[in-house]
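Okay, structure first, notes after.
The values are calculated or read from the model by the stated rules, or taken from the named source; none is laboratory data. What you see is a predicted model, and the numbers here were worked out from it, not measured in a lab. FYI the Cβ positions are ideal-geometry reconstructions off the backbone, even for glycines, and counts take in every protein chain you see. Ligands, DNA and RNA are stripped out before the accessible areas are found, and what is left, the full protein with its side chains, is counted by its heavy atoms. Shrake-Rupley method; radii C 1.70, N 1.55, O 1.52, S 1.80 Å.
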Amino acid sequence: MSKFVITGGKELEGKIDISGAKNAVLPIIAASLLTLDKVVLEDAPDLLDVQVMGQVIESLGGKVKRKNKKLYLEIKDVENIEAPYDLINKMRASICIMGPLLARVGRVRISHPGGCAIGSRPINWHIKGLEQLGAQVRMDHGFLDITASRLYGARIYLDFPSVGATENIMMAAAAAEGTTVLENAAQEPEIVDLANFINEMGGKIRGAGTNIIYIEGVKEFHGTSHTIIPDRIEAGTYILMAAACGGEVLIRNVIPVHLASLLAKLDEAGVVYREDGDGIRVIGKGNYHAVDIKTQVHPGFSTDLQAPMLAMLTRAQGTSMVTETVFENRFMHVDELKRMGADIRIEGRSAIVHGVEELHPATVNASDLRAGAGLVLAALTANGTSEVREIHHIERGYENLDAKLRGIGADIFRED
Ligand code: UD1
C-alpha cells in the first residue's frame, strides 16, 4: 500500500495549476455513449476514477485513448449492456452510464452499487426518475436490469437535488420523445458542464445551474470537442492548504464563483486572498478565527470541502461547529485528526472543534478521498514527519497531489 511521507511546518510559496474537474469528466464520459461519433475531452484529469470510467466504456465496446490532457472516446457499437461488477464496485460514479446507455440501446444491466465509506448512498431517485421516463426496472441476482423500448419526456420532481440522479435523468431525457421538466434539480457547476456538453452534441437542455431543468429530447447526437471545467474541489483544497500553512500561493485555473461559499467562510475566518487573473492568490498566515460550517447542496458549502476545512479549523482560535447534512458518515477523518492532537467532539451530525495551538505529526489512514485530503492538510501544518496511508483513496480525485505540493515548497513524498 502506498503512503505519503510529509514533513510539515513549511510555508508554501509559488503557483499551482488546477486540473479539470473529476466530477464533471465522469458523467461527461458516460454521456459520450449518446453519440456514435468521436468525442474529444480536453483538460481531462488523469485520475484513477477517470481510468475506471474509461474501462467501463471499453467494457461496453467503446474505444478510449489518452494523449496528455486529452481523452479521445468513440463508441461506434455498443457490444455489451452489462457493466462488470468489479468496475461498478470500484467506483460508484460509474452508475451514470444508466441514463445514456438506456437512451442509446434501450437496456442496461448494472450491479447495485451498494454502500460505501461515507454512507449508504442509495440510488432510488435515479431509478424513480428513469421509471418516470418510461423505463422498467427489476432486480435480478444483485443486478438492476433496466429496459425501455422508448423513453418519454415527463415532469419529474426530485425529493432531494441529488447530483447523480439529476445527471442520469438529464442524460436519458436528452434522447426521450418530448420534453422533460426536472424540478428540484441539483445546481452544481458539474451539472452545467454536462448540459453544455450534451448541447454541443446536439442536445436541447435549458436551465442547468438552476433548480428547474428543461430537456427537449432529440433523436441524434454528433461528436464534439469539449473542455472540462476546472476542479473546484481541488482548487478549494489547495486554497485551504495555502491558508493553513502560510506563505503566498497563486492557485491558477479557477472559476471563483464556483467557490463562493468557501470564500465567504474564508473571509469570516480572516484568510487574506484576492482574485488574480484566472486564479486566486492566497496570502496565508496560518492562524484564523473559528467559524461554523454547514454542508449543503450547491451553492451551499460543499460536503467535499468539509474535511479539509475542518482540518484547517483544528488550529483556529475559538470553537467551530461543522455540520454535515449531505452524507451521514463523513467524519472519518476526525479520529485521525484527534491522534494528531486536535480537540474535536462529534455530536450527531456535527463536529465541535476547539482550536489548538498546533498539531503533532502522526501516522494516519485516509478512509476516503476527501478525508484523505484533510489529513494531508493537517500533516502539512504539523511540525515533524507524518505518514498518510491508504492514499489510493486520495489519488482517485487529486491529480499529482504530491508533485503539485512539492512545486510550492511542501516536503511530501510518495512511497510504495
Ligand atoms: C456527487 C459527487 C460527490 C459529492 C456529492 C454531493 C460525483 C461523482 N460525486 O455524488 O463528490 O460529494 O455529489 O455534492 O459527482 N441519495 C439518495 N438516493 C439517491 C441519490 C442520492 O438517498 O438516489 C442521497 C445520498 O445518499 C446522499 C445525498 O443524497 O446522502 C446526496 O447524494 P448525491 O447528490 O446523489 O451525490 P452523488 O451524485 O453520489
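A 1.4 Å probe run over the protein chains yields, for region 1-136, 41 Å² of accessible area per residue, whole-number rounding. Taking square-rooted eigenvalues a ≥ b ≥ c of the alpha carbon gyration tensor, is region 97-245 rounded, prolate or oblate, where a/c under 1.5 means rounded and, failing that, a/b exceeding b/c means prolate? The shape class here is oblate.
Find the relative contact order for the chain and round it to a whole percent, using C-alpha pairs within less than 8 Å whose residues are 6+ positions apart.
21
What separates the Cα centres of region 278-304 and region 130-209 is a distance of 31 Å. Along the Cα→Cβ direction, 7 angstrom out, place labels at ASN199 and ASP411. What is the inter-label distance in nm? Using points 7 Å along Cα→Cβ, the separation is 5.0 nm. Only protein heavy atoms count here; under a 1.4 Å probe, SER261 has an accessible surface of about 30 Å².
Based only on Cα atoms, what Rg/Rh ratio does the chain have, Rh being taken as Kirkwood's radius?
Ratio value, two decimals: 0.98.
Separation of region 68-116 and region 1-48, taken as the distance between their Cα centroids, equals 19 angstrom. Each of ILE18, GLY61, LEU34 was scored by the projection of its Cα onto the charge dipole of region 1-63, and the greatest displacement toward the positive side belongs to GLY61; charges sit on the C-beta of Lys, Arg, Asp and Glu.
Largest first, the extents of the alpha carbon coordinates of region 302-416 on the three principal axes equal 36, 30, 21 Å.
With a simple spin-label model that places each label point 7 Å from the Cα along the Cα-to-Cβ direction, the separation between THR147 and ASP335 comes to 4.6 nm.
In the assembled protein chains, GLU358 presents an accessible area of approximately 100 Å² (probe radius 1.4 Å). Taking the Cα centre of region 304-416 as reference, the dipole from Cβ charges on Lys and Arg (+1) and Asp and Glu (-1) amounts to some 200 debye. Dipole check for the chain: with +1 at the C-beta of Lys and Arg, -1 at the C-beta of Asp and Glu, and the Cα centre as origin, the magnitude is about 440 Debye.
Per residue, region 159-208 exposes an accessible area of 27 Å² to a 1.4 Å probe, with every protein chain left in place. Model label points for GLN51 and ASN124, set 7 angstrom from Cα along the Cα-to-Cβ axis, are 3.6 nm apart. Once the 1.4 Å probe is applied to the protein heavy atoms, region 276-416 comes out at 38 Å² accessible per residue. Of the accessible area of the chain, computed with a 1.4 Å probe over protein heavy atoms only, carbon and sulfur atoms account for 47 percent.
Computed from Cα positions, the angle between helix 369-381 and the longest principal axis of the chain comes to roughly 20 degrees. Hey, what angle do you get for helix 22-31 against the long axis of the chain, alpha-carbon based, 0 to 90 degrees rounded to 10? Computed tilt is about 10 degrees.
Indicate, rounded to the nearest 5 percent, the antiparallel portion of the DSSP beta bridges found entirely in the chain. Don't skip to the answer; put the middle values down first.
Values: 61 of 84 bridges.
Around 75 percent antiparallel, to the nearest 5.
Here the calculated FRET efficiency for ASP343 and GLU216, from their Cβ-Cβ distance with R0 = 60 Å, stands at 0.65, rounded to the nearest 0.05.
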